[in-house]
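For reference, the structure discussed in these notes is given below.
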Amino acid sequence: MRAAERRLSELDAEAAEGRRMEAVGRLAADVAHDLRNVLTALLGFSTLILEKASDAGTRANAQEIVRASERAAVLSARLLSIGRGEVVKPHVLDLHVFLSDLEPLLRKLVREDVVFVVQLAKDPIFIAADETQLEQVILNLVLNASEAMSKGGVLALSTATRTVSAGKRFSGVLVVAGEYAEITITDTGVGMDTATLARAFEPFFTTKAAQEQSGLGLSTAYGIVKNSRGYLWLDSAPGRGTTATVHLVCKQANA
Ligand code: ADP
Ligand code: MG
């Protein structure tokens, strides 16, 4: 075979390999979507049992189904991002449409003794983001907030636009001046002492039962936000609850 012919057949093989990878990715994404639907049903029915059952044993069992489904929801979000090849495809997104679509799932994930309040700013907010990744950020923060309130409480998710002027710091970090979409997730839970707060973003750091938690929620969320040149920080004190704030660069709707 001449060099040019050899190169051509190599290119053919590469293209075939690319198509195979794409097919595998699509399959993973399809499975993740189907899994999401199954989970929604599982969460819905187990929540119904929780609401209706008066016997403590039945309620405890239903609560376990809810917990297992929560973990599976996080896994399906991860599968979805693998399915999309981990390639971040940010596009301009209406934040409020995105959050409203996600709200039913969040509502099911939050503990039943927690009051979940969503307060969206009056005007639409546009950002450039990858939906799957942003979903992981919100899911992880909302789950942490919910898990921090073992005796119930209030979980608030709100949005706003913030103009940050030059030289401004949030939680010690200098923020590039500009217009930001702000998402805050506030809980009235146990809060964190300074030692926990200092380590919260470390991969695998967890204060929860080891077999249940990965300790990857915050580090994953932080990595995603950083990759999109945004900011994520926590305000917390023991017994005073926690606020997680995300800043993402605002976009024009037609950008
Ligand atoms: P995991 O939830 O699997 O433990 P994360 O990375 O999501 O891992 O969080 C790391 C740790 O940070 C948690 O174990 C917990 O100690 C603390 N933490 C995170 N969010 C909150 C919160 N809203 N309230 C109190 N503590 C929190
Ligand atoms: Mg977590």
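Somewhere in the range 38-52, is a residue acidic (Asp, Glu), part of a helix (DSSP H, G or I) and closer than 27 Å to ILE138 by Cα? Scanning the range 38-52 turns up at least one residue that is acidic (Asp, Glu), part of a helix (DSSP H, G or I) and closer than 27 Å to ILE138 by Cα. Please work out which residue is farthest from LEU106 (Cα to Cα), limiting yourself to the range 145-156 and to residues that are modelled with pLDDT of 95 or more, surrounded by fewer than 22 Cβ atoms within 10 Å (Cβ to Cβ) and of a type outside the set (Gly, Ala, Ser). Residue satisfying both the conditions and the ranking: MET149. The requirement of being assigned to a helix (DSSP H, G or I) and either surrounded by fewer than 20 Cβ atoms within 10 Å (Cβ to Cβ) or of a type in the set (Asp, Glu) (or both) is not satisfied by VAL137.
Evaluate the range 174-188: report whether one residue or more is near ligand 1 (Cβ under 8 Å from one of its atoms) and acidic (Asp, Glu). For the range 174-188, residues near ligand 1 (Cβ under 8 Å from one of its atoms) and acidic (Asp, Glu): present. Picking from residues in the range 176-196 that are surrounded by fewer than 20 Cβ atoms within 10 Å (Cβ to Cβ) and among the small types (Gly, Ala, Ser), the one that is farthest from ligand 2 (Cβ to nearest atom) is ALA177. VAL173 satisfies every condition listed in (1) within 21 Å of PHE201 (Cα to Cα); (2) at pLDDT below 95; (3) surrounded by 16 or more Cβ atoms within 10 Å (Cβ to Cβ) except (3).
The values are calculated or read from the model by the stated rules, or taken from the named source; none is laboratory data. The structure presented is a predicted model; accordingly, all values stated were derived computationally and were not measured. Virtual Cβ from ideal backbone geometry, glycine too; neighbours counted across all protein chains shown.
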